[in-house]
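Colleague: The structure's right below; bear with me while I get my questions together.
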Amino acid sequence: MSKATLTISSKNYSSWSLRGWLLAKFAGLEFDEIITGPDDASAKAEILLLSSSILVPCLRHDGATVWDTLAIAEYLNDLMPDAGLLPADRVARAHCRSICGEIHSGFATLRASLPVNLKGHFPGFKVWSRAQADIDRITTIWRECLTKSGGPFLFGGRSMADAMYAPVVTRFMTYDVKLDAKLAAYAHNIMALPEMQEWIAAARLEPAEIEELEVEY
């Protein structure tokens, strides 16, 4: 199997890059990273939610070019069906696809008001009411999944859904969003993943900052 490349942008700020990278890691795909700096106009537009076409991450493998996180997830599931990106059970698989689609296309207020910033930490952050509605929906999704599966991840073993919601976990950590014990345990499990630790360590080494994403008090 030929080695893949994955084009990503900032590890500190880019939620979409984190999703694509985690999906490839969860699948066990070997790949080389191609990093587009946050000063690149197209990458900055993606991070600041100004671009209608998300061009990163972009996976290139064996003649295929895939640049949407859901498409990347489905491609990797086709390529490596035993990796567990989707649950084996038909009903659980449909549920997994549904909540992945929801985070992919929704929660715009949450993304805009609580941008990913792995180096930031803002205790006591005041969440807008509309963003709180997004938080409430996400925590409902997590609670339902964990109740059905028994954890430790949304569908028992780590899956596409955990990769898609991992940036939300980082948002909750950055902006001090309070979680009940079950959801806090899930968030801890995500943050403790070796892949997440690797990503976060690299994010902390990034020298560049995007001023528009730095919360000020």
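We did not get these values from a lab; they are worked out from the coordinates using the rules stated. Only a predicted model underlies this, so the values are computations on that prediction, with no experimental measurement involved. Glycine also receives a Cβ, built like all others from the backbone with ideal geometry; neighbour counts cover every protein chain displayed.
Colleague: Which of V116, V168, V127 ends up with the largest GNM mean-square fluctuation for the chain, with Cα atoms connected below 10 Å?
Modeller: Of V116, V168, V127, the most mobile in the Gaussian network model is V127.
Colleague: Then there is this: Once the piece of chain linking R143 and F122 is laid out straight, how much longer is it, given 0.36 nm per residue of separation minus the C-alpha distance between them?
Modeller: 5.1 nm
Colleague: Let me ask something else. Cut-off 15 Å, label point 7 angstrom out along Cα-to-Cβ of D62: give me the residues of the stretch 14-32 whose amide nitrogen falls inside.
Modeller: It comes to 27-31, nothing else.
Colleague: In addition: Quick one: if you stick a label point 7 Å off each Cα along the C-beta vector at L205 and M191, how many nm between them?
Modeller: Taking the simple label geometry, L205 and M191 are separated by 2.2 nm.
Colleague: If neighbour count is taken as other Cβ atoms inside 10 Å, put D134, D68, D32 in order from fewest to most.
Modeller: Placing the least packed residue first, the sequence is D32, D68, D134.
Colleague: Pull out the extension gain between A71 and D180, defined as 0.36 nm times the separation in residues minus the alpha carbon to alpha carbon distance; nm, one decimal.
Modeller: On the way: separation 109, 0.36 × 109 = 39.24 nm, distance 3.26 nm.
Here the answer is 36.0 nm.
Colleague: To check you understand DSSP bridge types, tell me what percent of the beta bridges within the chain (both residues inside) are antiparallel, rounded to 5.
Modeller: Roughly 60 percent of the beta bridges in the chain run antiparallel, per DSSP.
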